[in-house]
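Here's the structure we're looking at; comments come further down.
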Amino acid sequence: MSVRRLAPKELQPESFAFTAENLAWAEKTIAKYPAGRQASAVIPLLMRAQEQADGWVSEPAMRYIGEMLGMAPIRVYEVATFYTQFQLLPVGKKAHIQVCGTTPCMLKGAGDLMKVCKKKIHPEPFHLNESGSLSWEEVECAGACVNAPMVQVVNEVFEDLTPEILEGIIDAFERGEKPAVGPQNGRKSSEPVTGLRVLTSPELYDGSMVGKGVGLAAAREAIAAREAAAAQPKPVEPPAAPAKPDAPKSN
């Protein structure tokens, strides 16, 4: 794992505090844990702080959460720097593009997607574009290998991408729009690109057969038929005729 450090001081805000709504949510979240175990809420609180702060966690936010949970600041730093889901530098306010670079996506063209990000956002990851609205990074396995290549933005994924489609998605975010999520080639979910080949009969999955014992009845019929066939008397074959003796050969 690469070294992850907090953002430099010149990028850190002077302070952080939850909004009234987020503070009420945080208090309810902390109350879910037994007394003395409040530190268990550190990850959800860091996530909420990241969402409030336009996608990244500042050092003041970590100290603020540590005070809420009775944790030493270093303990919160340890969590925030270990999990890559926490961004330690400011990210694009409109979108932070996470390009999956693991083997399936790389084989399907993730390198070309990164070229798009370098061209349209910044030549280097973890850098903002000129307006501060967009940023990007390479990540490892976002869990959509069947629909490779793909990118993730916060908690939404865009799959079955081509460089041209990704350019359109980035432009849409820049305009403040919300692009359509999921596969971009017309497929549904993770079914084969050639179309669904299994579970094509609705009765297999729509619940209409639940409780009707159709499968059990069919099995019982098959068993009964097999037992009936075994109980049938086998036909007696007539005895074979004795073999005729060979005719004597003449000299």
**Item:** Alpha carbon centroid spacing (whole Å) that separates segment 164-210 from segment 15-31
**Value:** 36
**Message:** Ignoring ligands, DNA and RNA, please state the percent of accessible area on segment 49-164 from carbon and sulfur, probe 1.4 Å.
**Reply:** 54
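To the nearest 20 debye, what is the magnitude of the charge dipole of segment 90-154 about its Cα centre, counting +1 on the Cβ of each Lys and Arg and -1 on the Cβ of each Asp and Glu?
For segment 90-154, the charge dipole is close to 240 debye.
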**Request:** Just read off the accessible area of Phe16 with the full protein assembly in place, 1.4 Å probe, to the nearest 10 Å².
**Result:** 30
**Request:** Would you work out if the chain is rounded, prolate or oblate? Take a ≥ b ≥ c from the square roots of the eigenvalues of the alpha-carbon gyration tensor; rounded if a/c is under 1.5, else prolate when a/b is larger than b/c, oblate otherwise.
**Result:** prolate
**Asked** How far is helix 42-52 tilted, in degrees, relative to the longest principal axis of the Cα atoms in the chain, given as a value from 0 to 90 rounded to the nearest 10?
**Response** 70
**Asked** So what's the angle, to the nearest 10 degrees on a 0 to 90 scale, between helix 163-174 and the longest Cα principal axis of the chain?
**Response** 40
**Item:** Computed magnitude of the charge dipole of segment 74-212 (debye, nearest 20; Cβ of K, R +1, Cβ of D, E -1)
**Value:** 120
**Request:** State the dimensionless ratio Rg/Rh of segment 29-84 (Rg: radius of gyration of Cα atoms; Rh: Kirkwood radius).
**Result:** 0.94
**Item:** Spread of Cα-to-Cα distances over 10 Å intervals beginning at zero, given as percent, for segment 71-183
**Value:** 15, 46, 29, 9, 2
**Request:** Please go through the residue pairs Lys94/Lys119; Lys119/Lys188; Lys93/Lys119; Lys9/Lys119; Lys108/Lys188; Lys32/Lys178 and name each one whose alpha carbons sit more than 27 Å apart in this structure.
**Result:** Lys119/Lys188; Lys9/Lys119; Lys32/Lys178
**Tensor-based shape of segment 66-107 (alpha-carbon gyration tensor, a/c under 1.5 rounded, otherwise prolate or oblate)** = oblate
**Message:** What does the extension gain come out to for Lys178 and Leu23, with contour length at 0.36 nm per residue minus their alpha carbon separation?
**Reply:** 53.0 nm
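Taking all protein chains in place and a 1.4 Å probe, what share, in percent, of the accessible surface of segment 166-208 do carbon and sulfur account for? Don't skip to the end; give the middle numbers.
Values: 1580 of 2960 Å².
Within segment 166-208, the accessible surface is 53 percent carbon and sulfur.
What dipole magnitude, in Debye to the nearest 20, does segment 1-78 give about its Cα centre under +1 on Lys/Arg Cβ and -1 on Asp/Glu Cβ? Walk me through the intermediate numbers first.
On the way: 9 positive and 9 negative charges, 72 e Å.
Once rounded to the nearest 20, the dipole reads 340 debye.
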**Message:** 5 Å is the cut-off here: which amide hydrogens, built 1.01 Å from N in the peptide plane, fall below it relative to Lys93, excluding neighbours closer than 5 in sequence?
**Reply:** Ser133, Leu134
**Complete:** As a percent rounded to 5, the proportion of antiparallel DSSP bridges among beta bridges in the chain is 40
**Message:** With equal scatterers on the alpha carbons only and no solvent term, can you work out the Debye log10 of I(q)/I(0) for segment 130-205 at 0.11, 0.18, 0.21 1/Å?
**Reply:** -0.36, -0.79, -0.99
**Message:** Just want to confirm a number: the relative contact order over the chain, from Cα pairs under 8 angstrom separated by 6+ residues, in percent.
**Reply:** 13
**Complete:** With a Förster distance of 45 angstrom and the Cβ-Cβ distance between Thr103 and Ser15, calculated FRET efficiency to the nearest 0.05 equals 0.55
**Asked** Once both axes come from the Cα atoms, what is the angle between helix 110-120 and the longest principal axis of the chain, in degrees from 0 to 90, rounded to 10?
**Response** 30
**Asked** What do the square roots of 5 times the Cα gyration tensor eigenvalues come to for segment 50-131, in whole Å, largest first, as semi-axes of the equivalent ellipsoid?
**Response** 31, 16, 8
**Prompt:** For a label point 7 angstrom out from the Cα of Arg197 toward its Cβ, which stretches of segment 86-108 have the backbone nitrogen within less than 12 Å?
**Reply:** none
**Asked** Of Pro34, Val139, Tyr64, whose Cα points farthest to the positive end of the dipole of the chain (charges on the beta-carbon: +1 Lys, Arg; -1 Asp, Glu; origin at the Cα centre)?
**Response** Pro34
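The values are calculated or read from the model by the stated rules, or taken from the named source; none is laboratory data. Here the structure is a predicted model, which means the values were calculated and not measured. Note: ideal-geometry Cβ built from the backbone for every residue, glycine included; neighbour counts use all protein chains shown. Side chains are part of the model used for accessible areas, which takes the heavy atoms of the whole protein and leaves out ligands, DNA and RNA. Shrake-Rupley method; radii C 1.70, N 1.55, O 1.52, S 1.80 Å.
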